[in-house]
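Data block below; observations after.
The values are calculated or read from the model by the stated rules, or taken from the named source; none is laboratory data. None of the values given here were measured: they were computed from a predicted structure. Cβ sites come from the backbone with ideal geometry, for glycine too, and all protein chains shown count toward neighbours. In case anyone asks, the SASA skips ligands and DNA or RNA and just uses the protein heavy atoms, side chains included. Shrake-Rupley method; radii C 1.70, N 1.55, O 1.52, S 1.80 Å.
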Amino acid sequence: MRTKVKLQMNILILLLALMLVFTSFSPVNAASAGRQVKITACEAVKITLSGVNSNGVATKYSFTKKASDCSAIKIPSRYWKGNLTVTAYYYVSSEYPTYKGQVVTPNIPSEASSEYYSVIVTAPKTTDWIYWRARTWVLDNVAYNQSSRHDGYRQDCSGFVSFAWQLVKPGTSPAGLLAYANKISFSKLQKGDVLVNPSAHAMIFIKWVDKSAGTFIAYQEEYEKTGTRERTMTLNTSKGTVTQGTYTYPGTYIAIRKK
């Protein structure tokens, strides 16, 4: 009888000890569990996730989707915690069907939950599409050649702008761009706008380097030996003249924005 009571007491003590262990460690285990995520990325065709999983191990995961799919896509059986890098890729052209576009870095809670953590990549703006398309010609260093085509567009200054603006192939002339645009003041220039001398040349404005000094970055088709380049230029806003180093482009320029 005494042996039986002693055994029961030992079992009770063991159970109490186990309860203390689980009480002490369950919050830690829960904190290390992380969360599953669901991704919304309108117009993207591929998504890559890069971060730390529930075991603290760096990991990556990618999946493809239809550009038209704007629903929240759940990523089951994969748990993340801390900073997660979500990169969205887009169909920019036939040569760049998965162009690296937008990147968001949400901080995923460590606390365990059955609910999916929502990550939203906002749909690209018109200025994003213009910049990405223009950037591909810079990356390819498309040669200046009015008799040739790249992506179906004439390889000259206005053909380049026509491609970036997604106008009708093979592209229009510098003067022809005016039909697709509104004139804006130089002070309102932003990424994707165009500086054009209707009788001669056009270039895509990217950003100001020093707005007060008139210096800015532009993409343009130049001539046979240089092709499509990124250049730092200076705009004289009172005269409408553009210079690159010691060279001043002929004529005067106006600023236009795609309708």
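Scanning region 181-199 for residues that are touching a Pro at 6+ places or on another chain (Cβ under 6 Å) and either in a loop (DSSP other than H, G, I, E, B) or open to solvent by 70 Å² or more (accessible area, probe 1.4 Å) (or both) turns up just one, Pro198.
Listed residues Ser114, Ser148, Ser162, Ser158; which is more than 21 Å from Thr87 (Cβ to Cβ) and modelled with pLDDT under 95? Exactly one residue qualifies, and that residue is Ser114.
If the condition is being closer than 19 Å to Ser173 by Cβ and touching a residue at least 40 places away in the same chain (Cβ under 8 Å), then region 206-223 contributes Tyr219, Gln220, Glu221, Glu222, Tyr223. For Glu224, the criteria (1) at pLDDT 95 or above; (2) touching a Phe, Trp or Tyr at 6+ places or on another chain (Cβ under 6 Å) hold in every case but one, which is (1).
Within region 149-178, the residues that satisfy the criterion of being more than 24 Å from the chain's Cα centre (by Cα), open to solvent by less than 40 Å² (accessible area, probe 1.4 Å) and among the polar types (S, T, N, Q) are Gln155, Ser158, Thr172. Taken over region 81-124, residues that are assigned to a loop (DSSP other than H, G, I, E, B) and either open to solvent by less than 60 Å² (accessible area, probe 1.4 Å) or at positive phi (or both) amount to 12.
Residues checked against (1) over 17 Å from the mean Cα position of the chain (by Cα); (2) within 21 Å of Glu43 (Cβ to Cβ):
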| position | (1), (2) |
| --- | --- |
| Tyr79 | yes, no |
| Leu84 | no, yes |
| Tyr91 | no, yes |
| Ser94 | yes, yes |
| Val103 | no, yes |
| Ala112 | yes, no |
| Glu115 | yes, no |
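Restricting attention to region 37-80, and to residues there that are among the charged types (D, E, K, R) and not in a strand (DSSP E or B), which single residue is surrounded by the most Cβ atoms within 10 Å (Cβ to Cβ)? Lay out the reasoning, then the answer.
If we filter region 37-80 for residues that are among the charged types (D, E, K, R), which is where we start, we get 38, 43, 46, 60, 65-66, 69, 74, 78.
Keeping just the survivors that are not in a strand (DSSP E or B) gives 43, 65-66, 69.
Values: Glu43: 21, Lys65: 17, Lys66: 9, Asp69: 14.
Filtering first and then ranking leaves Glu43.
Based on this model, can you work out whether Thr237 counts as free of Cβ contacts under 8 Å to residues at least 12 places away in the same chain and on the phi < 0 side of the Ramachandran plot? Break it down stepwise before answering.
Numbers: free of Cβ contacts under 8 Å to residues at least 12 places away in the same chain: no; on the phi < 0 side of the Ramachandran plot: yes.
No: the conditions fail for Thr237.
Under the condition of being surrounded by 14 or more Cβ atoms within 10 Å (Cβ to Cβ) and assigned to a strand (DSSP E or B), the residues counted in region 200-228 number 15. Restricting region 241-259 to residues that are out of contact with any helix residue (DSSP H, G or I) (no Cβ under 8 Å at 6 or more places or on another chain) and outside any strand (DSSP E or B) leaves a set whose member that is most open to solvent (accessible area, probe 1.4 Å) is Thr246. Scanning region 206-223 for residues that are out of contact with any strand residue (DSSP E or B) (no Cβ under 7 Å at 6 or more places or on another chain), under 21 Å from Val142 (Cα atoms) and among the acidic types (Asp, Glu) yields nothing. Annotation: Leu235 fulfils all but one of (1) touching a helix residue (DSSP H, G or I) at 6+ places or on another chain (Cβ under 9 Å); (2) assigned to a loop (DSSP other than H, G, I, E, B); the unmet one is (2).
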